[in-house]
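Colleague: This is the structure, below, for whatever I ask next.
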Amino acid sequence: MVKIVDLETKTEYEVDLKSNGENKQICPKCSESRKEKNKKLKCFSFNKQLNVGYCNHCTTRFAGKNDFKPTEKVVYKKPIWKTNTNLSDKALRWFEQR
Ligand SMILES: [Zn+2]
């Protein structure tokens with residue numbers, strides 16, 4: 001299981017990521033509350049390489065937590081997880097393509 005964070009609400013969810021690339025699956029946030037026939041729709045996609053995810057239904061953006069590694073070396077302080085600030089250009093472009 002991998003911990004991911006809703007970038008807006010900072011809510012944490014746990015998802016199972018099987019692929020190292022794109023993981024299309026049900027959304028940890030909205031699928032539970034969707035209509036019965038839509039509960040199994042894979043509206044959520046998480047890209048493990050970029051460590052970001054997006055849901056087409058609730059339009060929530062997520063970022064992975066456990067696997068998070070800062071791209072730049074931090075010399076004076078330990079790397080601290082920060083939402084919103086550490087998305088790479090590649091990750092942002094991935095969001096724009098949604
Ligand atoms: Zn959703």
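Read-outs: derived from the displayed coordinates by stated rules, not from any lab. Just so we're clear, the structure is a prediction, and the values are computed from it rather than from any experiment. Positions of Cβ are generated from backbone atoms using ideal geometry, with glycine treated the same way; all protein chains shown enter the neighbour counts.
Colleague: Can you put Leu92, Leu50 in order of Cβ neighbours within 10 angstrom, beginning with the fewest?
Modeller: Sorted ascending by nearby Cβ count, the order is Leu92, Leu50.
Colleague: Quickly work out the Phe95-to-Lys3 label distance, labels modelled 7 Å from Cα along the C-beta direction, and quote it in nm with one decimal.
Modeller: 2.1
Colleague: Among the listed pairs Lys18/Lys42; Lys40/Lys90; Lys37/Lys65, give every one whose C-alpha distance is greater than 22 Å.
Modeller: Lys40/Lys90; Lys37/Lys65
Colleague: So how much slack lies between Asp16 and Lys37, counting 0.36 nm per residue of separation and subtracting their Cα-Cα distance, in nm?
Modeller: Details: separation 21, 0.36 × 21 = 7.56 nm, distance 2.18 nm.
Using 0.36 nm per residue and subtracting the Cα-Cα distance, I get 5.4 nm.
Colleague: Tell me, what are the semi-axes, in whole angstrom and largest first, of the equivalent ellipsoid of region 8-56 as set by the roots of 5 times the Cα gyration tensor eigenvalues?
Modeller: On the way: eigenvalues 70, 36, 14 Å².
So the three semi-axes of region 8-56 are 19, 13, 8 Å.
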